[in-house]
Amino acid sequence: MDLHTLIRDVADYPKPGIVFKDISPLLRHPAGLALAVEHMANPYRGLGVDIVCGAESRGFIFGTAVAQALSAGFVPIRKPGKLPYKTHSMAYELEYGSDNLEIHTDAIEPGQTVLMVDDLLATGGTMRACCDLVRKLGGEIAGVTVLIELTFLHGRDKLGIDGDVHAVLTY
C-alpha cells in the first residue's frame, strides 16, 4: 500500500502560501493507519524505549499507538494551561508563527529512554522544543519518528539530538 495516496494536499491552509499535508484520509483508513504506525514503530523495536512523547495534537494520535506497539508508556506534551500538575515550558517557532509547549515536571525520570513522535516534521521548531523539554527532565532521546517530513525545510538539522530521525513519508 502506498501511504502517499492517503495524504491530501490543502492549498493556502492555515494561511496563504502554505500547502498543508492533511492526514485525515489516512486516519480513517484502517489498514493505512495500522501500516503507518508499524512503519513509525519498527525502527525502534528492541531498543528499550521506556516512554514515547507526542506533541499536541496529532502527535497524540500516533504517539499513543506507537507507545502501545513498543510496550512503552506515553507522555503528552501540551499547549500552555492544559496540564493539571507542575510543568516545564518551552517557547518555539512554527512555520507560520510561534507558541509554547509544556510537560509535567515528573513525566520522565532521569535516564529513561524516550522516543519522540509527531505526525509532521517541517521546520523542526515544535520537535526541537519537545526534545529540549525531555532533555531538561533528564530523558535520553532514542530518536524521532514522524509520519511525514518536509525535507526542503531541513527541520531534522535543527533538532540537536544524537538519535536517529525516521520519516515514513518524505516530501
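With a ≥ b ≥ c the root eigenvalues of the C-alpha gyration tensor of the chain, is it rounded (a/c under 1.5), prolate (a/b larger than b/c) or oblate? Judged from the Cα gyration tensor, the chain comes out oblate (a/c at least 1.5, b/c at or above a/b).
Of all aspartates and glutamates in the structure, the ones whose alpha carbon falls short of 13 Å from that of Lys86, not counting any fewer than 8 places away in one chain, are Glu102, Asp106. Computed 3J(HN,Hα) for the range 39-46, one whole-Hz value per residue from the Karplus formula 6.51 cos²θ - 1.76 cosθ + 1.60 where θ = phi - 60°, is 5, 6, 7, 3, x, 10, 5, x, glycine and proline marked x. Judged by the ratio a/c of the largest to the smallest principal axis of the C-alpha gyration tensor, the range 66-138 counts as oblate, that ratio being 1.5 or greater while a/b is no larger than b/c. The phi torsions of the range 136-151, fed into the Karplus equation with coefficients 6.51, -1.76 and 1.60 and a -60° offset, translate into couplings of 4, 8, x, x, 9, 7, 6, x, 10, 10, 9, 6, 10, 10, 8, 5 Hz, rounded to whole numbers, with Gly and Pro shown as x. Ignoring aspartates and glutamates fewer than eight residues from Lys21 along the same chain, the ones with Cα atoms less than 16 angstrom from its Cα are Asp2, Asp9, Asp12, Glu95, Asp118, Asp119, Glu149. Helices in the chain, meaning DSSP H runs of at least 4 residues, each add -39500 (n - 2.57). Divided by all residues, the mean residue ellipticity at 222 nm is -7000 deg cm²/dmol.
Bear in mind these aren't lab numbers, they're just calculated from the coordinates by the rules spelled out. Please read all numbers here as calculations on a predicted model, not as lab measurements.
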